1. Looking at 67, 35, 43 in this structure, which one is farther than 20 Å from residue 12 by Cα, without any contact (Cβ under 8 Å) to a residue 40 or more places away in the chain and surrounded by 12 or more Cβ atoms within 10 Å (Cβ to Cβ)?
2. Do we have any residue at all in the stretch 38-48 that's modelled with pLDDT under 95 and in a loop (DSSP other than H, G, I, E, B)?
3. Hey, residue 21 hits all of (1) touching a strand residue (DSSP E or B) at 6+ places or on another chain (Cβ under 6 Å); (2) in a loop (DSSP other than H, G, I, E, B) but one; which does it fall short on?
């Protein structure tokens, strides 16, 4: 029987972005801006925004404003596979 939990394959870029978001939340107690994420992964803000939206649609994180990104799932509720 098929597993009813959606599986989303995280790209290496998305993995880098999530790692940086978690790092900022631990060190600075706030999420980085999309511009800061873009500088870290060497991508423009529109690319960062597109990937954050994909991660949000997959249920991995929630966007809650400029500096509020909530990481919902690391590998708990949904299956997440890195490249």
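1. Working: 35 fails: farther than 20 Å from residue 12 by Cα; 43 fails: farther than 20 Å from residue 12 by Cα.
The unique qualifying residue is 67.
2. Of the stretch 38-48, the ones modelled with pLDDT under 95 are none.
For the stretch 38-48, residues modelled with pLDDT under 95 and in a loop (DSSP other than H, G, I, E, B): absent.
3. (2)
The values are calculated or read from the model by the stated rules, or taken from the named source; none is laboratory data. In this text, all values refer to a predicted model and were calculated from it rather than measured experimentally. For neighbour counting, all protein chains shown are included, and Cβ atoms are generated from backbone atoms with ideal geometry for every residue, glycine included.
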